[in-house]
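Below is one structure, written out as structure tokens; the observations come after it.
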Amino acid sequence: MAIGEAGPGSVRHGAQPKRLEETMRVRLGRECVYVPSCRFGLYVALRHWCPPGGRVLMSPVNDDVIFFVVLAAGLRPVQAPLNPLDASIDIDAVPDEVWGSVSAVLTTNLYGNPDPAPRLRQKCDALGIPLFEDGAHAIGSQVGGRPVGA
């Protein structure tokens, strides 16, 4: 077996990923896939659902690692205006021309404050673009009566 190769005893082939996928499937009410890191999962999702060179609306106060994942996926980050009360994306302050130019939206849920995911979901659905929700900072929080990430 080569260095880094996943063998029968590795985490990726054991019961742990299946349990995690099932736990998250029940929590979020959707299919979930185990990946070795959240960064990698976000990278794969961005590459899959966004066109090369697409623009991603995201918080300017997001973790720099997430910013670099967006760049590594071949996309262009677009800074969203923030709500001064909770630092979430201020949907109403995003100009129409920006909404018309983005390929996706990436939420932050910074410091446990959930972004307005239901409104973002409505806006993204109306535009036909994906919404990526980074729930790492707000695990256990709810918004709109649903767990962050749902």
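The values are calculated or read from the model by the stated rules, or taken from the named source; none is laboratory data. From a predicted model like this one, the values you see are computed outputs, not experimental measurements. Quick reminder, even Gly has a Cβ in these numbers, built from the backbone with ideal geometry, and neighbours come from all protein chains shown. Side chains are part of the model used for accessible areas, which takes the heavy atoms of the whole protein and leaves out ligands, DNA and RNA. Shrake-Rupley method; radii C 1.70, N 1.55, O 1.52, S 1.80 Å.
Charging the Cβ of each Asp and Glu at -1 and of each Lys and Arg at +1, and nothing else, the dipole of segment 40-144 about its Cα centre rounds to 320 debye. The HN-Hα couplings worked out from phi for segment 117-122 by the Karplus form 6.51 cos²θ - 1.76 cosθ + 1.60 (θ = phi - 60°) are 4, x, 5, 5, 4, 4 Hz, whole numbers, x standing for Gly and Pro. The phi torsions of segment 72-88, fed into the Karplus equation with coefficients 6.51, -1.76 and 1.60 and a -60° offset, translate into couplings of 4, 6, x, 10, 10, x, 10, 6, 8, x, 10, 6, x, 7, 9, 6, 8 Hz, rounded to whole numbers, with Gly and Pro shown as x.
Between the C-alpha center of segment 104-137 and that of segment 38-67 there is a gap of 12 Å. Less than 5 angstrom separates the built amide H of Glu133 from those of Thr107, all sequence-distant by 5 or more or on a different chain.
Surface analysis of segment 40-144 yields an accessible area of 51 Å² per residue, using protein heavy atoms and a 1.4 Å probe.
For Leu82, the amide hydrogen comes within under 5 Å of the amide hydrogens of Asp90, counting only partners 5 or more places away or on other chains and with H modelled in the peptide plane. Derived scalar couplings between HN and Hα for segment 105-112 equal 10, 10, 7, 10, 6, 4, 6, x Hz in order, rounded to whole Hz, by the Karplus curve 6.51 cos²θ - 1.76 cosθ + 1.60 (θ = phi - 60°), x for Gly and Pro. Surface composition of segment 40-144: carbon plus sulfur atoms hold 55% of the accessible area, using a 1.4 angstrom probe and ignoring ligands, DNA and RNA.
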